[in-house]
């Protein structure tokens with residue numbers, strides 16, 4: 001046995017933990033356990049070659065290490081589990097923590113943890129720590145990397161693992177029996193699960209409005225006037241699409257909340273589940289908002305470069321030269337000046353509120369706010385942001401709504417289409433905050449139930465059982 005630890009008098013009083021495997025994850029876990037006050041022993045096939053282990057740990061053979069601890073972390077891949085069968089007598093009654101993951105879903109008919117349990121039937125196998133990365137253990141485990149999912153058939157074994165997780169400053173969530181190990185093993189394989197719907201919506205909206213405006217602006221000018229303005233696709237057309245998509249997606253963040261309010265009013269209770277589509281929609285509101293902020297940032301950046309574009313400079317020079325030749329002077333239009341300044345002011349304020357919402361969405365910032373503060377920012381200021389940005393869009397087209405030339409090929413402009421959903425959300429929100437609607441809704445959210453709906457709900461449950 002090679003010792004890499006301090007004198008015995010300095011051993012931790014928290015207990016001994018064994019780790020099978022000296023790879024990146026095993027070393028990172030061992031270092032974190034040592035920092036938390038545990039005595040750590042590593043089990044290795046070649047103890048003398050294990051020179052990269054954290055200072056303060058011990059390294060032994062697998063059999064020797066297994067005798068030293070009750071909780072054993074198996075930090076090797078499924079393909080290397082075979083050596084455990086020879087240790088079956090030693091592992092009787094031990095808690096084996098399986099931390100392995102697979103390269104893809106459905107790779108094996110049986111989960112890794114269940115397979116491990118079949119190899120060592122006398123041990124209590126617990127699936128845990130597979131959602132924690134070696135980097136997270138080294139850096140302190142922040143945000144989503146703090147969550148440990150635990151499942152196993154023996155409550156005492158699971159509790160032992162939960163205690164270790166809490167000692168490391170991690171949060172633990174019990175996912176049930178070992179039969180849930182397959183689901184837990186699939187969690188790290190999911191690629192942005194809550195982003196799929198928002199990304200799909202963003203892609204669909206971007207494609208729709210891009211081709212819609214392409215037809216209205218570029219193709220219309222070519223067909224009706226014989227003018228080639230295809231150069232506007234890169235910046236001008238894109239700078240129309242980005243704010244439209246941003247405003248629509250921001251309104252989609254708050255539309256499900258309004259729909260949920262009316263659903264609760266209709267049901268007369270808060271204890272009935274929302275429809276699956278609405279539940280999924282509500283769970284991805286943060287992602288919708290962040291994508292909306294991303295499009296708003298692109299809109300701001302594109303707007304900043306408009307004045308330095310070649311065609312804009314060319315047009316300005318051409319207009320100036322034409323006025324000089326014709327000896328004309330353009331008078332200051334106060335109405336246009338007020339409208340332009342108001343439009344820009346609302347845009348700046350809307351973007352500032354956008355940034356405030358995005359900053360508070362950062363977990364490290366949001367965790368510093370209490371529940372009331374976070375709700376105020378995300379709800380009250382969120383609706384204010386939607387109101388300001390909608391007013392920004394209305395001022396953009398304030399003198400264009402009634403012009404016949406605005407409706408090319410009898411189609412409304414893009415900014416007019418994008419105002420439909422935001423205005424609808426704001427109107428519905430105004431209805432919800434009316435005292436006659438807000439009072440019963442508040443009572444329902446505090447636990448009050450309308451008897452007629454409750455009886456009907458109970459009847460639906462009984463009918464479904466028979």
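The values are calculated or read from the model by the stated rules, or taken from the named source; none is laboratory data. Computed from a predicted model, the values in this text were never measured in an experiment. Ideal geometry is used to build each Cβ from the backbone, glycine not excepted, and the neighbour counts take in all protein chains shown.
Within region 355-365, restricting attention to residues that are in contact (Cβ under 8 Å) with a residue 24 or more places away in the chain and not in a loop (DSSP other than H, G, I, E, B), the residue that is farthest from residue 255 (Cα to Cα) is 364.
Condition check ((1) more than 24 Å from residue 239 (Cβ to Cβ); (2) assigned by TED's automatic domain parsing to the domain that holds residue 258; (3) buried (at least 17 other Cβ atoms within 10 Å of the Cβ)) across all residues:
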| site | (1), (2), (3) |
| --- | --- |
| 356 | no, yes, no |
| 376 | yes, yes, no |
| 386 | no, yes, yes |
| 410 | yes, yes, no |
| 414 | no, yes, yes |
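Would you confirm whether or not region 178-187 contains a residue that is more than 30 Å from residue 53 (Cα to Cα), free of Cβ contacts under 8 Å to residues at least 60 places away in the same chain and either in contact with a strand residue (DSSP E or B) (Cβ under 9 Å, 6 or more places away or on another chain) or not assigned by TED's automatic domain parsing to the domain that holds residue 361 (or both)? Yes, there is a match, as at least one residue in region 178-187 is more than 30 Å from residue 53 (Cα to Cα), free of Cβ contacts under 8 Å to residues at least 60 places away in the same chain and either in contact with a strand residue (DSSP E or B) (Cβ under 9 Å, 6 or more places away or on another chain) or not assigned by TED's automatic domain parsing to the domain that holds residue 361 (or both).
Which helices (runs of 4 or more DSSP H) does region 141-218 wholly contain that include 3 or more residues that are within 30 Å of residue 251 (Cα to Cα)?
On the way: elements: 155-167, 181-186, 196-213.
In region 141-218, 196-213 are the helices (runs of 4 or more DSSP H) which contain 3 or more residues that are within 30 Å of residue 251 (Cα to Cα).
Of all the residues in region 298-323, those that are in contact (Cβ under 8 Å) with a residue 24 or more places away in the chain and either out of contact with any helix residue (DSSP H, G or I) (no Cβ under 9 Å at 6 or more places or on another chain) or under 18 Å from residue 243 (Cβ atoms) (or both) number 8.
Conditions tested, residue by residue: (1) modelled with pLDDT of 95 or more; (2) farther than 20 Å from residue 148 by Cβ.
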{"position": "23", "(1), (2)": "no, no"}
{"position": "40", "(1), (2)": "yes, no"}
{"position": "51", "(1), (2)": "no, yes"}
{"position": "55", "(1), (2)": "no, yes"}
{"position": "60", "(1), (2)": "no, yes"}
{"position": "74", "(1), (2)": "yes, no"}
{"position": "77", "(1), (2)": "no, no"}
{"position": "108", "(1), (2)": "no, yes"}
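Given the residues 418, 436, which is the only one that is touching a residue at least 12 places away in the same chain (Cβ under 8 Å) and either surrounded by 14 or more Cβ atoms within 10 Å (Cβ to Cβ) or out of contact with any strand residue (DSSP E or B) (no Cβ under 6 Å at 6 or more places or on another chain) (or both)?
Values: 436 fails: touching a residue at least 12 places away in the same chain (Cβ under 8 Å).
Sole residue among the options that is touching a residue at least 12 places away in the same chain (Cβ under 8 Å) and either surrounded by 14 or more Cβ atoms within 10 Å (Cβ to Cβ) or out of contact with any strand residue (DSSP E or B) (no Cβ under 6 Å at 6 or more places or on another chain) (or both): 418.
Being assigned by TED's automatic domain parsing to the domain that holds residue 449, closer than 19 Å to residue 344 by Cα and assigned to a loop (DSSP other than H, G, I, E, B), is that true of even one residue in region 296-305? Yes: region 296-305 contains one or more residues that are assigned by TED's automatic domain parsing to the domain that holds residue 449, closer than 19 Å to residue 344 by Cα and assigned to a loop (DSSP other than H, G, I, E, B). Within region 73-108, being in contact (Cβ under 8 Å) with a residue 24 or more places away in the chain and under 12 Å from residue 130 (Cβ atoms) holds for 73, 74, 75, 78, 97, 98, 99, 100, 101, 102. Can you spot a residue in region 137-144 that is closer than 24 Å to residue 24 by Cα and buried (at least 23 other Cβ atoms within 10 Å of the Cβ)? Yes, because at least one residue in region 137-144 is closer than 24 Å to residue 24 by Cα and buried (at least 23 other Cβ atoms within 10 Å of the Cβ). Residue 317 fulfils the conditions (1) at pLDDT 90 or above; (2) on the phi < 0 side of the Ramachandran plot except for a single criterion, (1).
Put simply, of 368, 330 the only residue that is out of contact with any helix residue (DSSP H, G or I) (no Cβ under 8 Å at 6 or more places or on another chain) and not in a helix (DSSP H, G or I) is 368.
Test residue 196 against the stated conditions and say whether it is touching a residue at least 60 places away in the same chain (Cβ under 8 Å) and surrounded by fewer than 15 Cβ atoms within 10 Å (Cβ to Cβ). Let's see the steps before the verdict.
Details: touching a residue at least 60 places away in the same chain (Cβ under 8 Å): no; surrounded by fewer than 15 Cβ atoms within 10 Å (Cβ to Cβ): yes.
Answer is no for this residue.
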